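Read through the structure below, which is laid out as structure tokens, and then see the notes.
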Amino acid sequence: MAQQAGNPTGERRLAVLEGVLERITYANEENGYTVARVDTGRGGGDLLTVVGALLGAQVGESLRMEGRWGSHPQYGKQFHVENYTTVLPATVQGIRRYLGSGLVKGIGPVFADRITQHFGLDTLRIIEEEPKRLVEVPGLGPKRTKKIADAWEEQKAIKEVMLFLQTVEVSTSIAVRIYKKYGDASISVVKDHPYRLAADVWGIGFLTADKIAQSVGIPHDSPERVKAGLQYALSQSADQGHCYLPEERLIADAVKLLQVDTGLVIECLAELAEPGEDGGEPGVVREKVPGPEGGDAQAVTAVYLVPFHRAELSLSAQLLRLLRTGEERMPAFRDVDWGKAFGWLRSRTGADLAPEQEAAVKLALTEKVAVLTGGPGCGKSFTVRSIVELARAKQATVLLAAPTGRAAKRLAELTGAEASTVHRLLELKPGGDAAYDRDRPLDADLVVVDEASMLDLLLANKLVKAVPPGAHLLFVGDVDQLPSVGAGEVLRDLLADGSPIPSVRLTRIFRQAQQSGVVTNAHRINAGQHPLTEGMKDFFLFVEDDAEAAGRLTVDVAARRIPAKFGLDPRRDVQVLAPMHRGPAGAGTLNGLLQQAITPGRPDLPEKRFGGRVFRVGDKVTQIRNNYDKGNNGVFNGTVGVVTSLDPVDQRLTVLTDEDEEVPYEFDELDELAHAYAVTIHRSQGSEYPAVVIPVTTGAWMMLQRNLLYTAVTRAKRLVVLVGSRRAIGQAVRTVSAGRRGTALDFRLITKNDRSNES
């Protein structure tokens, strides 16, 4: 189980230091740089600080390190590690500490003590060569024995993969993922098909795969490299929200990324667009579409990754199919007496609908596909409740869904009917396929989807495919908010000029909503006006021009001042929403400070350090990737929850999500979780919180846009506190979002509809 890291350089002989790794105080998961404390066995309980590339070293391991002595002005004497090997401990005490450190899943301090008492110095040989004998130890049955043996083997195999990967500084967590994906084939895949890693293994992008490819001798101008680079550029643009890139821009991006000739990129792009040798689908699709500004003169050659092209074609076709079908699952509304219907509704709800709300109700119950949009305080919620009440009065089967757990809960509270996330409604299975689709549609007469601005292209396509012909589909959302985190701009495309999808936009702000500073200022921001911050009971500004001081003040407001003044729980009720992740007032820094203030470490509670983060019971966390294999129907990017348990022996923590589902995470999966005391405004979409605190500083200048600030403010139910500079707020209010995303859904809906009308 030897492991080396780094390559010794320099002419002077390296010093040698041996010790047991006691704790890791910092580890950069990207490059393996680690700050750790080791016990050199000199007695007195003194620990020595070592720094350097300790990639893959685990707490409890005995290390033989080569490097140089140095001194840090703040931290004193340090040993700078240039390479190391792991040495199996040679004493019973060392073996006990090694096994009890949590290194081997299933063995904690208690079982480490029992095993070493029973087998003594022979312990590690027994685990390695005769693991079945572990049942001799009191309390160790066959099940736990097998678990320990499997964990030991996996640990060894991962070490081998890491030994191979150490020259390209691949992090521990990524080595684990490679092993979990390919098992014993890991090293051969890495050697022979390194670019597969970028497509197959989450956490490995093209740049890491490229570094590995160069180290195993794949040429700089290899067509395999260029094609992988082109697909990477397209996937990066999808992460930015684009369904396609114009061909010219894609070529320019790829030339810059790959540092190769333009001619080679053009050649490889042409090959990628051809069907595979075995008749399989091409790697990309090229198609002429109108540019973002529309019109034939602006036409561009769009290059799509296949799933996005397929989804755009499918979604437009399915929407038009639903819209035009002769089938009708709610025939009662064809000739309803609307005066009577609205009178009955008034008797149920005690309130009248405004004329535009009445129009929206009629539209949803008579048209097969419709959109309801509008800002806060304009009565979207009451309109949706009215639609659901009338549909259920006619015995219609109504299904309610939203993209996030929080939004689904809010929809259920509002309508008094069950609501679920879209993922749960469709019963997504491992791999991402839905249990419900065109061949097995949902049993529904009316499907209502709230927070539809969050629907990305791929999810919207899955949903619409599952709606049965004759059912009614209503999209509800605020089109002025930020578009979805995933690729596409579905709600905006449905509302585009010339779209065949009927819609109503609610514009009247109701009297009770006008008294809310949150609602008033949301509309002011959306209209390009500075928010009012004087004399409001629910909207405040703390002026602080320095970004670092604004970050500290944000933490104080969220963790101490709001709970003290308004009686709100800082973990459950208060959410910090930052324009960006980086910087002194960014979500990354604020999470560390807020965790310290709200969930500080305690000596009697276990915690798990992973990379630069520490996880504790009580931590507020968020999932940062779609993982179709976790939970009952997958766990998705943006899902929020609280850590409810942490087991160092079984190396697992459990998160209770906002959908009330308990989801376990192995310790080597913790790069899927981030703390969520502070999140970026993009990540907050679809959620609603009693109070939000928004740092708005000039440090986030490039991110400050009107729809960003508007989205943040509209997340609050009761209270908004801005912290930062008036200049930064002014910049956000003035700046209209630059340009549309690369999407052609609106074009497809309009042209397909025109063609069918002509025929």
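The values are calculated or read from the model by the stated rules, or taken from the named source; none is laboratory data. Note that the coordinates shown come from a computational prediction; the quantities given were computed from them, not determined experimentally. Cβ placement follows ideal geometry from the backbone for every residue including glycine, while neighbour counts extend to all protein chains displayed. In case anyone asks, the SASA skips ligands and DNA or RNA and just uses the protein heavy atoms, side chains included. Shrake-Rupley method; radii C 1.70, N 1.55, O 1.52, S 1.80 Å.
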Ordered by number, the trypsin sites (Lys or Arg not before Pro) in region 490-544 that occupy a DSSP loop and have at most 11 other Cβ atoms within 10 Å are LYS537
Express the accessible area of the chain per residue in Å², computed with a 1.4 Å probe while the remaining protein chains stay in the model. 44 Å²
Taking N as the number of residues in region 332-463, the ratio of its alpha carbon radius of gyration to 2.2 N^0.38 Å works out to 1.09
Need one number for region 566-607: average projected area of the convex hull over its C-alpha atoms, nm². 4.1 nm²
For region 560-565, 3J(HN,Hα) per residue [Karplus equation, 6.51 cos²θ - 1.76 cosθ + 1.60, θ = phi - 60°, Hz, x = Gly/Pro]: 10, 5, 5, x, 5, 7
Tally the DSSP beta bridges in the chain and give the antiparallel ones as a percent, rounded to 5. 60 percent
Long-range amide H partners of LEU473, meaning residues 5 or more apart or on another chain whose placed amide H is closer than 5 Å, are VAL369, ALA370, VAL447
Using the alpha-carbon centroid of each, what span in Å lies between region 503-529 and region 125-147? 66 Å
How much of the accessible area of region 589-698, probe 1.4 Å, is carbon plus sulfur, in whole percent? 46 percent
Largest to smallest accessible area among SER347, SER222 [probe 1.4 Å]: SER347, SER222
Quick one: Karplus J couplings for region 300-315, per residue in order, coefficients 6.51, -1.76, 1.60, θ = phi - 60°, nearest Hz, x for Gly and Pro? 10, 8, 8, 10, 10, 6, 3, x, 6, 5, 4, 5, 5, 4, 5, 4
Given Cβ charges of +1 for Lys and Arg and -1 for Asp and Glu, the option among TYR710, PHE610, THR680 whose Cα lies farthest towards the positive end of the dipole of region 599-735 is TYR710
GluC sites (Glu not before Pro) lying in DSSP loop within region 392-430, provided at most 12 other Cβ fall within 10 Å: GLU418
Using only the Cα atoms of region 334-376, build the gyration tensor, take square roots of its eigenvalues as a ≥ b ≥ c, and label the shape rounded, prolate or oblate: rounded if a/c is under 1.5, else prolate if a/b is larger than b/c, else oblate. oblate
Answer check: region 357-412, Cα atoms, Kirkwood Rh, Rg/Rh ratio of 0.95
For region 452-502 and region 648-703, what is the centre-to-centre distance using only Cα atoms, to the nearest Å? 25 Å
As a check on your grasp of the helix formula, calculate [θ] at 222 nm for the chain: sum -39500 (n - 2.57) over DSSP H runs of n ≥ 4, divide by the residue count, round to the nearest 500. -11000 deg cm²/dmol
So if I restrict to the alpha-carbon atoms in region 441-508, what is the Rg, and what is Dmax, the biggest pairwise distance, in Å? 12.3, 37
What number in nm² do you get for region 65-161 if you take the convex hull of its Cα atoms and divide its surface by four? 7.8 nm²
Expressed as an acute angle from 0 to 90° and rounded to the nearest 10, what is the orientation of the C-alpha long axis of helix 109-119 relative to the principal long axis of the chain? 40 degrees
Run the accessible area of region 175-258 with a 1.4 Å probe and give the carbon-and-sulfur part as a rounded percent. 48 percent
If amide H atoms are built 1.01 Å from N in the plane of the peptide, which residues on other chains or at least 5 residues away come under 5 Å of the amide H of ARG23? ARG37
Cα-based Rg and Dmax for region 694-735, in Å, come out at 9.7, 29
Enclosed volume per residue, in Å³, of the convex hull spanned by Cα atoms of region 241-363: 219 Å³
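When you have a sec, figure out the Kirkwood radius of the chain from all distinct Cα pair distances and drop it here in Å to one decimal?
Taking the inverse mean of 1/r over all distinct Cα pairs, the chain comes out at 29.0 Å.
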Using modelled backbone amide H atoms (1.01 Å from N, in-plane), which distant-in-sequence or interchain residues come within less than 5 Å of VAL300's amide H? VAL289, GLY291
Taking 0.36 nm per intervening residue step and subtracting the Cα-Cα distance, what contour gain separates ASP200 from ASP546 on full extension? 120.3 nm
Computed for the chain: size of charge dipole around the Cα centre, +1 on C-beta of each Lys and Arg, -1 on C-beta of each Asp and Glu, debye to nearest 20, value 2120 debye
Just going by the charge dipole of the chain, with Lys and Arg at +1 and Asp and Glu at -1 on Cβ, which of GLN623, TRP344, LEU134 is farthest out on the positive end? TRP344
Any idea how far the Cα center of region 423-443 sits from the one of region 553-604, in Å? 38 Å
I'd like to know how region 613-759 sits against the 2.2 N^0.38 Å rule of thumb: what's its Cα Rg over that expected value? 1.38
Between SER215 and THR366, take the C-beta separation as r, use R0 = 51 Å, and let me know the FRET efficiency to the nearest 0.05. 0.20
Could you give the angle, 0 to 90 degrees to the nearest 10, between helix 380-393's Cα long axis and the longest principal axis of the Cα atoms of the chain? 70 degrees
List the chymotrypsin sites (Phe, Trp or Tyr not before Pro) in region 540-582 that DSSP assigns to loop (not H, G, I, E or B) and whose Cβ has at most 13 other Cβ atoms within 10 Å. Which are they? none
Taking N as the number of residues in region 169-284, what is its Cα Rg relative to 2.2 N^0.38 Å? 1.08
Please sort 255-266, 69-80 by packing, taking for each peptide the average over its residues of neighbouring beta carbons within 10 angstrom, highest first. 255-266, 69-80
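Ignoring any ligand, DNA or RNA, what whole percent of the accessible area of region 428-494 comes from carbon and sulfur when the probe is 1.4 angstrom?
Taking all protein chains in place, region 428-494 shows 44 percent carbon and sulfur surface.
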Can you pull the semi-axes for region 529-605, root of five times each eigenvalue of the Cα gyration tensor, sorted largest first, whole Å? 24, 17, 10
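May I ask for the Rg/Rh ratio of region 492-550, computed from Cα atoms with Rh as the Kirkwood radius, given to two decimals?
Details: Rg = 17.0 Å, Rh = 14.6 Å.
Rounded to two decimals, Rg over Rh is 1.17.
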If you line up the Cα atoms of region 397-524 on their principal axes, what length do they span on each, largest first, in Å? 48, 35, 29
